[in-house]
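Note sheet for the following structure.
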Amino acid sequence: MATVVPATKLEDKQRKVYPFEVQLPRGTLTVDHESIVMPHQIRSVSAMRLLEKIGTLHDPEQQAQIENRMLEHLGISFEAEEAGSAQAFRPHSLLRPTRTEALQSSTIRIRLW
(Lines give C-alpha, C1' and ligand atoms only; values in the text may rest on other atoms or scores of the structure.)
Protein backbone atom coordinates (compact mmCIF):
# COMPACT_ATOMS: atom_id res chain seq x y z
CA MET A 1 0.00 0.00 0.00
CA ALA A 2 1.06 3.56 -0.67
CA THR A 3 -0.44 6.83 0.49
CA VAL A 4 -0.99 9.20 -2.41
CA VAL A 5 -1.42 12.96 -2.37
CA PRO A 6 -2.58 14.10 -5.83
CA ALA A 7 -1.05 17.03 -7.67
CA THR A 8 -1.97 18.84 -10.88
CA LYS A 9 -0.25 21.40 -13.06
CA LEU A 10 -1.33 25.00 -12.55
CA GLU A 11 -0.76 26.25 -16.11
CA ASP A 12 -3.79 26.61 -18.39
CA LYS A 13 -6.15 26.51 -15.41
CA GLN A 14 -8.39 29.41 -14.49
CA ARG A 15 -8.51 28.68 -10.78
CA LYS A 16 -6.96 29.91 -7.59
CA VAL A 17 -4.90 27.89 -5.14
CA TYR A 18 -7.05 27.30 -2.08
CA PRO A 19 -5.70 27.62 1.50
CA PHE A 20 -5.86 23.84 1.97
CA GLU A 21 -3.65 23.24 -1.10
CA VAL A 22 0.09 23.78 -1.62
CA GLN A 23 1.54 25.49 -4.68
CA LEU A 24 4.92 24.21 -5.84
CA PRO A 25 7.15 26.24 -8.15
CA ARG A 26 8.06 25.25 -11.70
CA GLY A 27 10.71 22.56 -11.69
CA THR A 28 9.57 20.88 -8.48
CA LEU A 29 7.28 18.19 -9.92
CA THR A 30 7.81 18.86 -13.61
CA VAL A 31 10.36 20.96 -15.45
CA ASP A 32 7.77 22.96 -17.37
CA HIS A 33 4.93 23.63 -14.92
CA GLU A 34 4.00 25.00 -11.53
CA SER A 35 1.95 22.46 -9.59
CA ILE A 36 -0.81 22.35 -7.01
CA VAL A 37 -0.67 19.59 -4.39
CA MET A 38 -4.10 18.65 -3.05
CA PRO A 39 -3.68 17.12 0.44
CA HIS A 40 -7.46 17.11 0.96
CA GLN A 41 -7.62 14.32 -1.66
CA ILE A 42 -5.23 11.99 0.20
CA ARG A 43 -5.87 8.27 -0.39
CA SER A 44 -4.26 4.86 -0.19
CA VAL A 45 -3.65 2.76 -3.28
CA SER A 46 -1.94 -0.50 -4.11
CA ALA A 47 1.79 -0.02 -4.70
CA MET A 48 1.32 -2.06 -7.91
CA ARG A 49 -0.56 0.92 -9.39
CA LEU A 50 2.55 3.12 -9.17
CA LEU A 51 4.21 2.87 -12.56
CA GLU A 52 7.42 4.85 -12.34
CA LYS A 53 9.09 7.18 -9.91
CA ILE A 54 9.45 10.72 -11.25
CA GLY A 55 11.39 12.23 -8.34
CA THR A 56 11.56 13.08 -4.67
CA LEU A 57 10.51 16.28 -2.93
CA HIS A 58 13.68 17.33 -1.10
CA ASP A 59 12.74 20.81 0.17
CA PRO A 60 11.91 20.47 3.91
CA GLU A 61 9.74 23.62 3.84
CA GLN A 62 7.59 22.27 1.01
CA GLN A 63 7.36 18.88 2.73
CA ALA A 64 6.26 20.60 5.94
CA GLN A 65 3.61 22.63 4.09
CA ILE A 66 2.13 19.49 2.52
CA GLU A 67 2.34 17.57 5.78
CA ASN A 68 0.64 20.38 7.72
CA ARG A 69 -2.24 20.56 5.22
CA MET A 70 -2.66 16.76 5.42
CA LEU A 71 -2.73 16.85 9.21
CA GLU A 72 -5.24 19.73 9.19
CA HIS A 73 -7.48 17.84 6.75
CA LEU A 74 -7.32 14.67 8.84
CA GLY A 75 -8.00 16.60 12.06
CA ILE A 76 -4.71 15.59 13.66
CA SER A 77 -3.21 18.12 16.05
CA PHE A 78 -0.37 18.13 18.54
CA GLU A 79 0.16 19.69 21.93
CA ALA A 80 2.18 22.89 21.88
CA GLU A 81 5.81 22.44 22.83
CA GLU A 82 7.18 24.78 25.45
CA ALA A 83 10.58 26.20 24.65
CA GLY A 84 13.29 24.25 26.43
CA SER A 85 10.94 21.75 28.06
CA ALA A 86 10.35 19.16 25.36
CA GLN A 87 11.40 16.46 27.84
CA ALA A 88 9.05 17.61 30.61
CA PHE A 89 6.83 14.92 32.16
CA ARG A 90 3.38 14.74 30.65
CA PRO A 91 0.96 11.86 31.15
CA HIS A 92 0.61 10.63 27.55
CA SER A 93 -2.74 9.01 28.26
CA LEU A 94 -4.16 12.50 28.85
CA LEU A 95 -2.37 14.62 26.25
CA ARG A 96 -1.73 14.32 22.56
CA PRO A 97 1.93 13.98 21.61
CA THR A 98 3.90 17.00 20.57
CA ARG A 99 4.81 17.25 16.90
CA THR A 100 8.45 16.41 17.72
CA GLU A 101 7.44 13.26 19.60
CA ALA A 102 5.17 12.14 16.78
CA LEU A 103 7.81 12.71 14.11
CA GLN A 104 10.45 10.89 16.15
CA SER A 105 8.22 7.82 16.20
CA SER A 106 7.53 7.78 12.45
CA THR A 107 9.26 8.63 9.22
CA ILE A 108 7.49 10.66 6.57
CA ARG A 109 8.93 10.50 3.08
CA ILE A 110 7.55 12.24 0.04
CA ARG A 111 8.25 10.55 -3.27
CA LEU A 112 6.91 11.58 -6.64
CA TRP A 113 5.36 8.89 -8.84
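The values are calculated or read from the model by the stated rules, or taken from the named source; none is laboratory data. Keep in mind the model is a prediction, meaning the values are calculated, not measured. Because the Cβ atoms are built from the backbone with ideal geometry, glycine has one as well, and the counts that use them run over all protein chains shown.
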Q | Which numbered condition Glu61 misses (of (1) loosely packed, with under 12 Cβ neighbours inside 10 Å; (2) modelled with pLDDT under 90; (3) not hydroxyl-bearing (Ser, Thr, Tyr)) | A | (2)
Q) Restricting the search to the stretch 24-49, which residues are surrounded by 12 or more Cβ atoms within 10 Å (Cβ to Cβ) and in contact with a strand residue (DSSP E or B) (Cβ under 6 Å, 6 or more places away or on another chain)? A) Leu24, Leu29, His33, Ser35, Ile36, Val37, Val45
Q: Count, please, the residues in the stretch 13-35 that happen to be among the charged types (D, E, K, R) and over 25 Å from Glu52 (Cα atoms).
A: 3
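Residue-by-condition table, conditions (1) on the phi > 0 side of the Ramachandran plot; (2) surrounded by fewer than 11 Cβ atoms within 10 Å (Cβ to Cβ); (3) modelled with pLDDT of 85 or more:
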site: Pro6; (1), (2), (3): no, no, yes
site: Gln14; (1), (2), (3): no, yes, no
site: Gly75; (1), (2), (3): yes, yes, yes
site: Ala80; (1), (2), (3): no, yes, no
site: Ala83; (1), (2), (3): no, yes, no
site: His92; (1), (2), (3): no, yes, no
site: Pro97; (1), (2), (3): no, no, no
site: Glu101; (1), (2), (3): no, no, no
